[in-house]
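Here, each number is a calculation from the coordinates, and none is a lab measurement. From a predicted model like this one, the values you see are computed outputs, not experimental measurements. Methodologically, a virtual Cβ is constructed for each residue, glycine included, from the backbone with ideal geometry; neighbour enumeration extends over all protein chains shown.
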Amino acid sequence: MISRSDDYVEYCRETARHARDLHDLALRGSNKKETTRVTHERIVQAVQLGPQDELLDIGCGDGTLLRMARQCGVKSAIGLLATEEEVALVQKTGVDVRQGFSDQLPFPDASASVVVCNNVLLIVPGEKIPGTLREIWRVAEPGARIFIGELPFVQTADPTPRFETTGEMLSYLYRRHGLRTWLGMVRKLAKAKITGIAFVMRPGTAVSFYATAEEFISMAATAGLELVNFWQHHDPANRNNYLFRKPL
């Protein structure tokens, strides 16, 4: 069987190393730039981002929200990414990005008036979700608005199958993703053979955490977050968005 890893940190690292476009770091696909833009415009509206705010964007992807925040004239906007490779790419656009993890945020207590964590918790291992929510509570100032988005409310099957042979994998990639992806994988396999370093497939498609609205609202309440509203995400539609606040 082809060796496979669902370690999302390593997937992010590999994506950054081979990125052809900054939007690759948004982890949505090359044809989803408009989705990324619309999603973040809606987040700006949901949290009513303004000049008085200090924003923390956990899992800031390609930095789209940070650039929008700068256009809003916020006091500060800081992004967090899992790997130094991602940080190095996004910092080139002039935004402030740090390396860290959602359950160990490298920021002071009560330092953000707006905290955004979008399209992130679905890839965080379930055992780290309570710690992540406690960390969000810690860094949020009293009265802060907290947006947690694109959290699946149903279990979804991993769209990437597990392969027994290299031939099966290459055939699947060609049928599903086309010649460019197929050639990219052939190059990776050839490099692994030349260097003697074992090839590990990192598809980055497995969902680690999902929760019904009731389950997640209860978890957030345990961490001290107060629900303002929640609604179904537009694309994909099997996810929810949540707006919380930290009580005064």
Ranking of 233, 18 by count of other Cβ atoms within 10 Å, fewest first: 18, 233
Lys/Arg +1, Asp/Glu -1 at C-beta; the chain dipole; positive extreme among 89, 55, 190: 190
Antiparallel bridges, percent of DSSP beta bridges restricted to the chain (to nearest 5): 40
Stokes-Einstein D (µm²/s) once Rh is taken as the Kirkwood radius of the chain over alpha-carbon pairs, at 20 °C in 1.002 mPa s: 113
Helix axis angle, 33-47 relative to the chain longest principal axis, alpha carbon, degrees: 20
Cross-link reach list, aspartates and glutamates versus residue 188, counting only Cα pairs under 20 Å and skipping chain neighbours closer than eight places: 6, 7, 10, 14, 21, 24, 85, 164, 168
Lysines whose Cα lies under 20 Å from that of residue 92, excluding same-chain neighbours fewer than 8 positions away: 33
Proximal lysines relative to residue 246, as straight alpha-carbon distance under 24 Å, when same-chain residues fewer than 8 apart are discounted: 75, 128
